[in-house]
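Structure first, commentary second.
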Amino acid sequence: MSTSPVEPVENVLEQPVDSKYVFRSKKGLNEDIIKEISSRKQEPSWMLEKRLASYEIFKKKPIPKWGPDLSALNFDEIIFYIRPEDYKSMKWEDVPDAIKKTYDALGIPEAEKKYLAGLVAQYESEAVYTNLKKAWDSKGVIFTDMDSAVKEHPGLVKEYFMTKCVPAADNKFSALHGAVWSGGSFVYVPKGVKVDIPLQTYFRMNTKSSGQFEHTLIIVEPGAEVHYIEGCTAPRYSISSLHSAVVEIFVKEGARARYTTIQNWSTDVYNLNTKRSIVYENGIMEWVGGSMGSGVTMLYPASILRGRGARAEHLNIAFAGKGQYKDTGAKVILAAPDTSASIISKSISKDGGKSVYRGLVRIGSNATGAKAHVECQSLMLDDKSSVDTIPIIEQFTPQSSVGHEATVGKIDEEQLFYLMSRGISRDDAVALVVRGFIEPIAKELPMGYAVELNRLIQLEMKGA
Amino acid sequence: MSLLEIKNLHVEIEGKKIIKGLDLTINPFEVHALMGPNGSGKSTLSYTIMGHPKYKVTDGDILYNGESIINLGVDERARKGIFLGFQYPMEVSGVSVENFLRTAVEAKEQKDVPILAFHKALNKRVEAMSIPRSFLDRYLNEGFSGGEKKRNEILQMAVLLPKFAVLDEIDSGLDIDALRLVSEGINKLIREDRLSLLLITHYQRILDYIKPQFVHIMVDGKVVKSGGYELAQQLDKMGYEWVKEE
Ligand SMILES: Nc1ncnc2c1ncn2[C@@H]1O[C@H](COP(=O)(O)OP(=O)(O)OP(=O)(O)O)[C@@H](O)[C@H]1O
Ligand SMILES: [Mg+2]
């Protein structure tokens, strides 16, 4: 990935930025705050109406009871919107030091950092700099921040934004998201266009109790291809914070989309997301995710395979350390003939961390010839930690097949003995086994991200 | 001073007595063969020398360069130059042979090893051992044939250059050509790197390639007979019944 052709950063990131806040919303949520967010963003009225309608739904919806305990989540204590002053784009020199330091801490090589900077990034709830390669421009590819998309591409946004993929009414948090969403990315790839360099964003969040509600909308027209990468790291805070993103991906006929994310929120963050794609005939959707950090995470990327021959691949790795609860998995609805899905989910638990695989595979009554395969592997590094597997399989046609394998295990002492017999210390041997465990997923990541994931896991292993 | 001195060793596993008063002395640059019927405790001895936590030393001692090692950790023993070629090498998924070897060399040298330089040196090494390069990218022992696993053990030994190695049935599962290659590899280490060896085997054949100065026969947790190379030849003809009867 470091060898990818990237424009010099200086050319693409212009105009310096002063990231002092001019506006900081109060804690808690009410209609006035939502109106203020909307007017601050100078949004068209239809978006404000959508926000207010979502807010009504949010108030009525109960907090989900079936997963992790969310009772400590206090909506009155959360700041729902922050924006840096006059954000636009910036030069590499203007990339905040904290971000640069995080890159350093993650051991991201120099070339890689520049690459990461050639992107749409989110700083304090909003995209502060944007790089859209000219080549993509000329092909009609749109890659911009979501706020701009509302103004510049209202037709597309009206049609696809929280309508048929993730409507506000989907769940309590998608409703909240609809009311206060801010920032995120908009990607549109026209028919037949193959974007060969991954589109990347880098999200950060560093204000106490600031909710992050970025929205990602990706539309891949027939025969087109795109790889979208999103990663987050965050400094530590002491006050509970909420992150509730929505990702909507449309994979049209014969198109292909890959969505890669590594999330590493600080451990006091509630990370409650809704990510979903609709896949049409012969389309391919691939989800690759690494879930680090956060206090409580609920994340089940979903693929709705709507057209014949559509395919979904879900690869997920979750790390649950001290005080962490990872409730993650995948949902695939096979709603057409000859659709297929593969889910590989891995979890590592340590120091009392809890990880749960929660998965749903539903094969509809007309999905003849559908195939699904689910593989869950959990690795427990000590006796204090726990894992659970809740795989739900619903098969409404007998002319389909579903395979499920689950393995839960402690780290193998014989393996450690073998590695240690070559002089490797116990800690390093454990780290090696863990790296090997995540390798099938790490190898699907672009190099910088694989390095980052390995670094993050090593930091976690040291109990950082 | 002896390199390895095992004195009146008693070993239990899960409360079961396996080694029952074993004595064995190996001097620097000697090659010893250890033979004995199935279940006599040969692998138990090798695990105990390496320090497997399940194998409890209840009496006796193991001295290495004159110092007791029975309270040392597995990795410490390895870093002192002890190596065990496993009868059944473990598989570690997702960890490439190369990555693993670099980690091991880093552990031994207690410093970072440059990736590129290591890569080059390792490639030379496998070439010299007639091992295909693709070996290095494969996950450690995963999906390896029995013979490939054994060759991988020798590769590890050639990279780590121990002073003393126990090779537990390194010859089992090897085809005729592989046996020759592996033996040549071991002989080179004996010759050039002054490796001392305890070679556990059931078969005379490997001893034709790697000539031991001493042959020991282990029965029921004890060395019951020791001799020179001719003892192995005798065993090959007469089996273990003859020793047991004596
Ligand atoms: N982990 C264990 N648990 C229980 N018994 C064990 C264990 N390991 C070894 N033993 C027992 O100890 C005895 C000696 O086994 P060991 O593997 O040392 O024999 P060996 O001489 O290497 O045999 P072989 O020639 O078949 O390799 C056997 O009876 C075996 O069943
Ligand atoms: Mg044995």
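Over all other residues within a Cβ to Cβ distance under 11 Å of A:C376, the charged ones net out to -1, with Lys and Arg as +1 and Asp and Glu as -1. Globularity index of the range A:371-464 is 1.37 (Cα radius of gyration / 2.2 N^0.38 Å, N = number of residues).
By average Cβ neighbour count within 10 Å, what is the ranking of B:69-75, B:232-238 from highest down?
Answer by packing, highest mean first, reads B:69-75, B:232-238.
Measuring against 30 Å, Cα to Cα, the residue pairs B:K111/B:K149; A:K59/A:K371; B:K54/B:K124 contain A:K59/A:K371; B:K54/B:K124 as the ones spanning a longer distance. If you take the beta carbon distance between B:A117 and A:R455 as r and set R0 to 25 Å, what does 1/(1 + (r/R0)^6) give as a FRET efficiency, to the nearest 0.05? Plugging the Cβ-Cβ distance into 1/(1 + (r/R0)^6) gives 0.65.
Using θ = phi - 60° in the Karplus curve 6.51 cos²θ - 1.76 cosθ + 1.60, the 3J(HN,Hα) couplings for the range A:375-384 round to 10, 10, 10, 10, 10, 10, 8, 7, 7, 6 Hz; x is entered for Gly and Pro. Our coupling estimate for the range B:222-233, obtained by passing each phi through the Karplus curve with A = 6.51, B = -1.76, C = 1.60 and θ = phi - 60°, is 9, 7, 9, 7, 10, x, x, 3, 5, 5, 5, 4 Hz, Gly and Pro reported as x. Take the Cα of B:K7, step 7 Å toward its Cβ, do the same at B:Y209, and the gap between the two points is 3.7 nm. Take each residue of peptide A:137-143, count the partner chain Cβ atoms within 10 Å of its Cβ, and average: the result is 0. The Cβ shell under 9 Å around A:A255 holds other residues with a net charge of 0, Lys and Arg each +1, Asp and Glu each -1. Here's the picture: charge each Lys and Arg Cβ at +1 and each Asp and Glu Cβ at -1 in chain B, and of B:Q234, B:M129, B:I18 the one pushed furthest to the positive end of that dipole is B:M129.
Checking every one of the trypsin sites (Lys or Arg not before Pro) in the range A:291-345 against DSSP loop status and a limit of 14 other Cβ atoms within 10 Å picks out A:K322. The orientation-averaged shadow of the Cα convex hull for the range B:4-245, equal to a quarter of the hull surface, comes to 13.0 nm². The string of couplings for the range B:95-102 from the Karplus curve (6.51, -1.76, 1.60, θ = phi - 60°) is 10, 6, 4, 5, 4, 4, 5, 5 Hz, one whole number per residue in order, with x for Gly and Pro.
Taking amide H atoms as placed 1.01 Å from N in the peptide plane, the amide H of A:I229 lies under 5 Å from those of A:L199, A:Q200, A:T201, A:T260, each 5 or more residues away in sequence or on another chain.
Shielding value for A:407-418 is 4, the average number of Cβ atoms from other chains within 10 Å of each residue's Cβ. Counting only other chain Cβ atoms within 10 Å of each residue's Cβ, the peptide B:74-83 averages 5. By definition, a body whose alpha carbon gyration tensor gives a ≥ b ≥ c is rounded when a/c is under 1.5, and the range B:11-92 falls into this rounded group. Modelled label positions at A:K443 and B:K80, each set 7 Å beyond Cα in the direction of Cβ, lie 3.8 nm from each other. If you plug the beta carbon distance of B:Y240 and B:K20 into 1/(1 + (r/R0)^6) with R0 = 22 Å, you get a FRET efficiency near 0.80. Restricting the trypsin sites (Lys or Arg not before Pro) of the range B:119-216 to loop positions (DSSP other than H, G, I, E, B) with no more than 12 neighbouring Cβ atoms within 10 Å leaves B:R194. Assuming R0 = 51 Å, can you tell me the calculated FRET efficiency for the pair A:D427 and A:D76, based on Cβ-Cβ distance, to the nearest 0.05? Here the calculated transfer efficiency is 0.75.
The dipole here belongs to chain B: it is taken about the Cα centre, uses +1 on the Cβ of Lys and Arg and -1 on the Cβ of Asp and Glu, and is about 340 debye.
So what is the diffusion coefficient of the range A:326-431 in µm² per second by Stokes-Einstein at 4 °C and 1.567 mPa s, using a Kirkwood Rh over Cα pairs? Stokes-Einstein gives a translational diffusion coefficient of 84 µm²/s. Between the amide H of B:K225 and those of B:I217, distances stay under 5 Å, these residues lying 5 or more places away or on another chain, with hydrogens modeled in the peptide plane. The aspartates and glutamates whose alpha-carbon is closer than 19 Å to the alpha-carbon of A:K172, local same-chain residues fewer than 8 away aside, are A:E31, A:E49, A:E56, A:D69, A:D76, A:E77, A:E214, A:E248, A:D327. To check you understand DSSP bridge types, tell me what percent of the beta bridges within chain B (both residues inside) are antiparallel, rounded to 5. Here the share of antiparallel DSSP bridges comes out near 60 percent.
Summarising the overall dimensions of the range A:324-363 from its C-alpha atoms, the Rg and Dmax are 13.5, 45 angstrom. Under 5 Å between amide hydrogens, which residues at least 5 positions from B:G21 or on another chain qualify, with H placed 1.01 Å from N in the peptide plane? When sequence neighbours closer than 5 places are left aside, the close amide H contacts are B:L9, B:H10, B:V11.
For the listed residue pairs B:K42/B:K244; A:K354/A:K443; A:K27/A:K322, the alpha carbons are over 20 angstrom apart in A:K354/A:K443; A:K27/A:K322.
Taken together, the values in this text are just the output of simple stated rules run on the coordinates, not laboratory data. These numbers were taken from a predicted model, which means no experiment stands behind them. Using ideal geometry, Cβ is built from the backbone for each residue, glycine included, and neighbour counts are taken over all protein chains shown.
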